[in-house]
């Protein structure tokens, strides 16, 4: 049986299904990875988003506010890149502006005082806090989704 276009009906359905699958694969391939990369994985610049990644949580740099379900990220003092002292806590998802390239800092691990870990700390300003500045570990920063 042929349609008005001269293409057999069964073959036309095959072409439509093939076209649909090809389009779906192209869209999926162009979409890439939906998970934003962390500042510990790549060097971030411009704006970034505070995130309570597993690495950030494991190192005590984020958590849940007591009595709520609201997650927050700890922002370090503006004087130097370190996990302590902490200046304030901001909700995850807050946007910060990265001032310059990260500084690689060596930390002593609490779990093993003989072990060391290399960490990228980013100097940031927080627009929601009158551009207050501080340091954030790369595990707690994610690239802004496109």
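What follows draws every value from the coordinates through simple rules; no lab data is involved. From a predicted model like this one, the values you see are computed outputs, not experimental measurements. Cβ: placed from backbone, ideal geometry, glycine included. Neighbour counts: every protein chain shown.
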Exercise. If you count, for each residue, the other Cβ atoms within 10 Å and average over each peptide, how do 60-72, 132-144, 93-105 line up from highest to lowest?
Worked result: 132-144, 93-105, 60-72
For this session: Report the calculated FRET efficiency for residue 64 and residue 88 (r = Cβ-Cβ distance, R0 = 25 Å), to the nearest 0.05.
Result: 0.95
For this session: Grab the Cα-Cα distance for residue 47 and residue 105, subtract it from 0.36 nm times how many residues apart they are, and report the gain in nm with one decimal.
Result: 18.7 nm
Exercise. Length gain on complete extension for the stretch residue 95 to residue 131, per 0.36 nm per residue less the alpha carbon to alpha carbon distance?
Worked result: 11.8 nm
For this session: Evaluate E = 1/(1 + (r/R0)^6) for residue 117 and residue 79, where r is the Cβ-Cβ distance and R0 equals 25 Å; express this FRET efficiency to the nearest 0.05.
Result: 0.75
